[in-house]
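Here is the structure we will look at, set down as structure tokens.
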Amino acid sequence: MTLEEKLAQIVGYWVDQGGEVVAPMQGEMAVSGRYEEATEHGLGHLTRVYGTRPVDPVERAAWLWGEQRRLKTETRLGIPALVHEECLTGLAAWQAATFPTPLAWGAAFDPELVERMGGVIGASMRELGIHQGLAPVLDVIRDPRWGRVDECIAEDPYVVGTIGTAYVRGLQGAGVHATLKHFVGYSASRAGRNHAPVHAGPREIADTLLPPFEMAVFEGGVRSVMNSYAEIDGAPVAATPEYLTGILRDRWGFDGVVVSDYFSVAFLNNMHAVAADKGEAAELALAAGIDVELPTGDAFLAPLAERIRAGLTDEALVDRAVLRLLSEKEELGLLDETFENPPTEIDLDTPEHRTIARQLAEESLVLLTNDGVLPLTGTPAVERIALIGPNGDSAEALMGCYSFANHVLAHHPGTPIGFEIPTLLEALKGELPSSAVTYTEGSDVEGDDRSRIPAAVEAARDASVAVVVVGDRAGLFGRGTVGEGNDVESLDLPGVQRELVEAVVATGTPVVMVVLSGRPYALDWAVSGPTAPAAVLQAFFPGEEGAPAIAAVLSGAVAPSGHLPVSMPRSAGAQPYSYLHPILGGSSEITSADSTPVLPFGHGLGYTTFERSRLESDAHVAAGDSFTASVRVRNTGSRAGTDLVQLYARDLYASITRPVAQLLAYRRVTLEPGEEATVTFSVPTTRLAFSDSAYRRIVEPGEVELWVGGSCADKETTGGVTILGPVHEVGLGDRRIATSEVRLSQADAELSAAGSN
């Protein structure tokens with residue numbers, strides 16, 4: 001291969017890039033140049049050929065198949081391009097299904113369902129000739145002020161790891177390579193600011209930020225990783241071999257491809273200022289372990305070629321990257337593909353897509369409070385429902401930042417979304433046809449216009465129940481209230497939405513507040529006190545089937561079963577906060593600042609009640625082995641429901657401070673009224689591993705408190721296990737997951753069998 005042919009294989013080309021800003025500093029960074037000239041020597045990646053503007057998928061597939069044939073027949077090497085797209089909430093393309101945002105995946109606590117979702121997303125992508133998806137995001141939430149919280153799964157690394165790995169399995173099971181992002185530390189930025197410096201110690205990185213990525217590498221077999229934009233303690237990840245080579249490849253044995261986050265190679269020159277020019281930036285990135293520059297070849301083409309010819313950069317760095325990229329293409333079957341017959345009919349939103357989207361949306365809805373007003377079918381008088389609020393009749397409010405509608409179509413006003421997505425107004429009318437539903441906007445999501453609040457108050461006075469729908473509007477870089485680049489200094493609801501809710505509550509009409517958001521807000525005023533609505537339902541951008549799911553929960557046709565994957569913050573000033581804090585990280589009598597969250601991690605109500613009892617575990621376990629813990633769960637209410645069985649632990653004394661609570665295992669369990677089940681967990685002691693004073697990952701002997709309850713703060717039934725020495729040093733990939741088994745009680749099993757005969 002010539003140098004030009006090598007470099008062509010380790011860059012992307014953004015065919016459709018125009019004025020639509022869908023990446024940071026896109027207008028300043030992108031190279032120009034005719035596509036035919038850029039592909040003269042071949043091409044590594046085609047960047048977002050379906051996902052940059054609204055294109056008909058069949059027509060675009062025909063174009064893509066033609067281009068791939070041209071690359072095979074009209075370039076000297078005959079190597080097709082690898083095609084990548086965003087797929088965080090479904091394939092980010094026109095007419096493709098839009099699923100709940102990852103924060104909703106976390107709220108559902110259902111890895112199996114997320115794996116099914118990944119499978120159907122991957123199948124759609126493969127049908128369109130797409131080979132790589134830029135998802136999932138495995139950043140652990142550290143500060144809800146950060147705009148990209150809706151792209152993340154949870155504040156607990158184990159939940160992020162298990163659910164993110166499930167998505168990897170689903171996507172790759174369909175033949176599409178997943179891409180973990182953003183490796184590593186991106187979400188731990190100072191003050192929750194995007195692209196801000198990260199000051200995380202090696203222990204926080206090892207014990208909190210790295211485990212989800214490690215799990216996806218060892219348990220998921222992921223084939224691609226994307227670097228973080230972050231600089232950690234002054235060292236940009238894109239130029240630091242310690243992370244992209246030392247940890248990822250040398251320690252973990254990852255043998256896939258590392259792609260750059262968009263423009264991050266050039267950023268080494270113009271944002272981090274650790275490289276004097278783009279050629280030097282290219283050398284730093286290659287030496288650190290980045291193999292492919294995306295979305296275009298700003299640094300890896302002309303600047304790098306000039307540097308190599310001048311004898312300043314060793315061409316062996318390029319050879320290493322090229323071999324990795326070619327191996328990936330061979331693994332994906334690209335080298336043997338003939339591209340003869342593009343699809344002539346494509347359905348990117350099949351009934352299967354919608355079934356999964358509906359189930360995941362339903363499971364993700366978190367009932368925060370309820371004084372009995374919900375479900376509405378249980379209320380004597382719901383003849384008149386006043387639907388109020390800026391998100392009550394908005395389809396865009398149901399979708400996250402990386403949905404095609406909010407990511408791309410916002411730049412194409414007048415273009416239809418391309419699939420069915422009812423608003424909550426439409427869904428509520430369909431769900432409760434015997435109720436008269438009226439709609440009043442009340443306010444905008446943003447801004448200080450209060451002129452429509454009086455009309456909302458009058459609508460509430462005339463109603464039996466008022467449903468007030470508030471929250472976010474996802475967007476990018478200042479467009480919207482949450483999403484990439486939309487970081488905030490306050491965790492109050494945007495605009496005058498709180499005033500709207502409080503004015504409606506003051507009418508005396510029972511109020512249900514529905515929060516459609518991409519981050520948890522400080523809702524202490526809505527959880528308790530004189531301004532609190534009768535019920536609060538949290539929805540984290542639930543996707544195309546989100547409105548019917550919300551309507552079904554409000555009506556009672558579906559029982560809520562979601563739980564908070566992130567603590568509900570007290571205030572912006574109490575951030576950053578994590579339930580995984582040591583003793584000194586919580587509230588105490590020696591500080592006047594209270595960091596206690598309004599609602600804890602794992603909180604979620606339903607329409608029935610559960611009793612958890614008789615937590616039993618092995619008395620002793622050797623460090624490095626697994627122990628068994630079982631708990632009885634009984635549905636003590638009058639209707640069926642799903643409980644999230646949460647097993648927590650606290651390492652009482654250790655050589656390094658440990659968190660006051662840590663989720664060890666979880667399992668969703670559905671029970672009929674009066675039904676009881678025993679849930680048994682097999683828990684590796686490596687779930688309690690941490691980095692010692694020498695930064696070895698170890699399991700220490702000692703006493704461990706165990707409990708199960710409705711959240712991390714609820715010790716409903718308790719127990720304990722003693723870990724026996726000697727100290728166990730954890731090996732590679734030994735962050736094993738807990739397994740679980742559900743067994744109905746004998747009487748319940750007999751009743752179930754009798755009922756099925």
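Numbers for the structure displayed
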quantity: Overall form of the stretch 658-728 per C-alpha gyration tensor (a/c, 1.5; a/b vs b/c); calculated: prolate
quantity: Sorted peptide list for 400-413, 483-496, criterion being average Cβ within 10 angstrom, highest first; calculated: 400-413, 483-496
quantity: For the stretch 365-585: relative contact order, % (alpha-carbon pairs under 8 angstrom, 6 or more apart); calculated: 30 percent
quantity: Estimated dipole of the stretch 554-694 in Debye, rounded to 20 [Cβ of Lys and Arg +1, of Asp and Glu -1, Cα centre]; calculated: 240 debye
quantity: The chain: relative contact order as a whole-number percent, Cα under 8 Å and 6+ apart; calculated: 13 percent
quantity: For the stretch 610-755, convex hull volume per residue from C-alpha positions, Å³; calculated: 101 Å³
quantity: Sparsely packed chymotrypsin sites (Phe, Trp or Tyr not before Pro) within the stretch 37-117, loop by DSSP, other Cβ within 10 Å at most 11; calculated: none
quantity: Spin-label pair Ala436/Glu315, simplified geometry with 7 Å Cα→Cβ offset, distance in nm; calculated: 8.2 nm
quantity: Between the stretch 305-330 and the stretch 160-192, the alpha-carbon center distance in angstrom; calculated: 27 Å
quantity: Cα centre as origin, Lys/Arg/Asp/Glu Cβ charges: the chain dipole, Debye; calculated: 720 debye
quantity: Rounded FRET efficiency, nearest 0.05, which uses the C-beta distance separating Glu306 from Thr338 and R0 of 35 Å; calculated: 0.45
quantity: Helix 546-555 vs. the chain, principal-axis angle (Cα, 0 to 90°, nearest 10); calculated: 10 degrees
quantity: For the stretch 356-372, Karplus couplings with θ = phi - 60° (6.51, -1.76, 1.60), whole Hz, Gly/Pro x; calculated: 5, 4, 5, 5, 5, 4, 4, 5, 8, 6, 10, 7, 7, 9, 6, 8, x
quantity: Förster radius 56 Å - calculated FRET efficiency between Asn270 and Glu616 (Cβ-Cβ, nearest 0.05); calculated: 0.40
quantity: Cα lying deepest toward the dipole's positive end in the stretch 365-585, options His407, Val488, Ile550, charges on Cβ; calculated: Ile550
quantity: Mean-position separation - Cα centroids, the stretch 489-544 and the stretch 89-134, in angstrom; calculated: 29 Å
quantity: Kirkwood hydrodynamic radius of the stretch 403-503, from inverse mean 1/r over distinct Cα pairs, in Å; calculated: 15.7 Å
quantity: ³J(HN,Hα) computed for each position of the stretch 469-474 - Karplus, 6.51 cos²θ - 1.76 cosθ + 1.60, integer Hz, glycine/proline x; calculated: 10, 10, x, 10, 9, 6
quantity: Lys/Arg +1, Asp/Glu -1 at C-beta; the chain dipole; positive extreme among Val536, Ala310, Ser260; calculated: Val536
quantity: DSSP bridge orientation in the stretch 365-585 - percent antiparallel, rounded to nearest 5; calculated: 15 percent
quantity: Close Lys-Lys pairs in the chain, where close means Cα under 24 Å and separation is 8 or more or interchain; calculated: 6
quantity: Cα-projected label distance for Thr722 with Tyr653, points at 7 Å along beta-carbon direction, nm; calculated: 1.3 nm
quantity: Three-way shape call for the stretch 328-370 based on the alpha-carbon gyration tensor, with the a/c threshold at 1.5; calculated: oblate
quantity: Cα long-axis angle, helix 278-288 against the chain (0 to 90 degrees, to the nearest 10); calculated: 70 degrees
quantity: Karplus-derived HN-Hα couplings along the stretch 402-412 (A = 6.51, B = -1.76, C = 1.60, θ = phi - 60°), whole Hz, x at Gly and Pro; calculated: 8, 6, 4, 4, 8, 7, 10, 5, 4, 8, 10
quantity: Segment Arg126-Thr739, length gained on full extension (0.36 nm per residue, minus Cα span); calculated: 217.5 nm
quantity: Length-normalised contact order for the stretch 288-436 - Cα pairs under 8 Å, 6+ apart - percent; calculated: 17 percent
quantity: In nm, spacing of pseudo-spin labels at Asp347 and Glu59 (7 Å Cα→C-beta vector); calculated: 2.3 nm
quantity: Other-chain or far-sequence residues with amide H under 5 Å of Phe627's (modelled H); calculated: Val683, Thr685
quantity: Shape call, the stretch 365-585: gyration tensor on alpha carbons, a/c limit 1.5; calculated: rounded
quantity: FRET efficiency, 1/(1 + (r/R0)^6) with R0 41 Å, evaluated for Thr636 and Glu729 via beta carbons; calculated: 0.35
quantity: Angle in degrees between helix 111-127 and the longest Cα principal axis of the chain, rounded to the nearest 10; calculated: 40 degrees
quantity: The stretch 258-359: GluC sites (Glu not before Pro) in DSSP coil with no more than 11 other Cβ atoms inside 10 Å; calculated: Glu340, Glu345
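Each reported figure results from applying straightforward, stated rules to the coordinates on display, with no laboratory input. In this text, all values refer to a predicted model and were calculated from it rather than measured experimentally. When we count neighbours, we look across all protein chains shown, and the Cβ atoms used for this are built from the backbone with ideal geometry, even at glycine.
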